[in-house]
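In what follows, a single structure is set out as structure tokens and then discussed.
The values are calculated or read from the model by the stated rules, or taken from the named source; none is laboratory data. Values in this document were obtained by computation on a predicted structure and should not be read as measured data. Cβ sites come from the backbone with ideal geometry, for glycine too, and all protein chains shown count toward neighbours.
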Ligand SMILES: [Zn+2]
């Protein structure tokens, strides 16, 4: 049984800068902590029983119903407001920042927070239940109405410690200072989201993936006012369950060639393999890690081929999961070289590596034996055709590969780009036919006396925008090279003619 996640609240404290941008507060967790020790994170922590108590929620500016409405899901009203109170209690406990009103509904006096309330700060650190009593005695109201709900993060089912964390944006109260609780916060930093991302990349600031995900979303909201009014959506990376053994995560790298983005597949149950971690985007990596964790222990990363939109996320994903990388090619990060026909068992799934050169000489497809399904990488796409560009791309190899895949008669194709293909036989025949047609057109062009690739492209791709002609030229070169190895054409410098 997976552990039930602990509810938690995380606070993104933002301070406006003169130019309208803002900095956020990152606090260091003590080295000794089991969960992300030594790293820089947003303040916050687990929901305490006292947070949703009548005593504390009575000191809240926001009502229970308003709190539930802000979280926007079927969440118990008492618990919703408890999360808002938890956010402000944790904020006070960890860094001494008190977001509250006095009895006249004015912001609490910063001088009092610094001088008079200091003993309470330490007390709340020892016992969260004392927070309500302190607020009542000082006739303070928690400014829960100033918190802006900013998404939710649930750790994978297999995590040793699970959290269902709610994120809140909070304005840094004017005149107050960060007074860290030395037992909980050894260090802190005010930093813009983009500077934090840069420092994480430079490895001068250790920031765990969940925090990075949030920072990446915040970096897209550069203005303080915009942030405080919640006029933005937390960025989501989508995942899709295709079968009991297969889930995909869509990488945020849409483009002309990649369609909506690269499909990263998570295959197996109990134990899983991750095929083609595509990009180093933190929100995407976090989703891949979570989806993998929900299905089992990650065993390894598989790579279909070494193009950047298939390996861009290998480093962060393997770092997060502590797994190796298996591929056909020899690359510095590859820990296991696979050869044609090799079987890989992950949990309840059996994968067979199939060497499929053509798009790339090192290309592997993976057959999921239990489902007679084929992960085809860039050999077959869910839309359009794929690029065969020399020197690494080879049309003769590619045609052989398509014939071989067709002879294996898969029931389903999971492509790296585009939707799942449920009639692989028809699709593969269509692909083969398309290339044969193209080859015939090339031969026709040569017969008509066209000798240079640009001229052949102009004729065959007359309908295609000029911007795509360089890509087309490489494809025609691939066809000519194939025809040359078939002995049907000969090359003379940049020109080609029929043999
Ligand atoms: Zn590729």
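The table for this structure:
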read-out	value
Hey, residue 283 free of Cβ contacts under 8 Å to residues at least 60 places away in the same chain, farther than 18 Å from residue 376 by Cβ and either within 16 Å of the ligand (Cβ to nearest atom) or surrounded by fewer than 23 Cβ atoms within 10 Å (Cβ to Cβ) (or both) or not	no
Meets criteria (crowded, with 17+ Cβ neighbours inside 10 Å and closer than 28 Å to residue 68 by Cα) for residue 197	no
Residue match in the range 175-184 (condition: free of Cβ contacts under 8 Å to residues at least 12 places away in the same chain and either farther than 20 Å from residue 27 by Cβ or not assigned by TED's automatic domain parsing to the domain that holds residue 97 (or both))	no
Checking residue 351 against (1) more than 16 Å from the ligand (Cβ to nearest atom); (2) within 21 Å of residue 424 (Cα to Cα); (3) free of Cβ contacts under 8 Å to residues at least 60 places away in the same chain, the condition it does not meet	(3)
Lone unmet requirement of (1) closer than 30 Å to residue 293 by Cβ; (2) in a helix (DSSP H, G or I) for residue 111	(1)
Selection within the range 130-153 - in contact with a helix residue (DSSP H, G or I) (Cβ under 7 Å, 6 or more places away or on another chain) and not in a loop (DSSP other than H, G, I, E, B)	130, 131, 132, 134, 142, 144, 148, 149, 153
Answer residue from the range 357-380, given it is farther than 15 Å from residue 414 by Cα and in contact with a helix residue (DSSP H, G or I) (Cβ under 7 Å, 6 or more places away or on another chain) and is nearest to the ligand (Cβ to nearest atom) among those	359
Failed criterion for residue 203 (all others in (1) without any contact (Cβ under 8 Å) to a residue 24 or more places away in the chain; (2) closer than 21 Å to residue 92 by Cβ hold)	(2)
Filter result for the condition that a residue is at pLDDT 95 or above and closer than 23 Å to residue 211 by Cβ, over 88, 142, 98	88
Residue count, the range 398-415 (criterion: farther than 20 Å from residue 369 by Cβ and surrounded by 16 or more Cβ atoms within 10 Å (Cβ to Cβ))	3
Unique match (being more than 26 Å from residue 316 (Cβ to Cβ) and at pLDDT below 85) among 230, 223	230
Filter result for the condition that a residue is within 16 Å of the ligand (Cβ to nearest atom) and over 19 Å from residue 395 (Cβ atoms), over 448, 426, 467, 416	416
Positions within the range 55-72 being touching a helix residue (DSSP H, G or I) at 6+ places or on another chain (Cβ under 9 Å) and either more than 14 Å from residue 141 (Cα to Cα) or assigned to a helix (DSSP H, G or I) (or both), in sequence order	55, 56, 57, 64, 65, 66, 67, 68, 69, 70, 71
Residue identified as surrounded by fewer than 22 Cβ atoms within 10 Å (Cβ to Cβ), over 30 Å from residue 20 (Cβ atoms) and within 16 Å of the ligand (Cβ to nearest atom) among 327, 260, 278, 251	260
Members of the range 381-397 that are surrounded by fewer than 18 Cβ atoms within 10 Å (Cβ to Cβ), near the ligand (Cβ under 10 Å from one of its atoms) and under 17 Å from residue 418 (Cβ atoms)	387
Residues that are in contact (Cβ under 8 Å) with a residue 12 or more places away in the chain and within 17 Å of the chain's Cα centre (by Cα), drawn from the range 304-321	309, 310, 311, 312, 313, 314, 315, 316, 317, 318, 320, 321
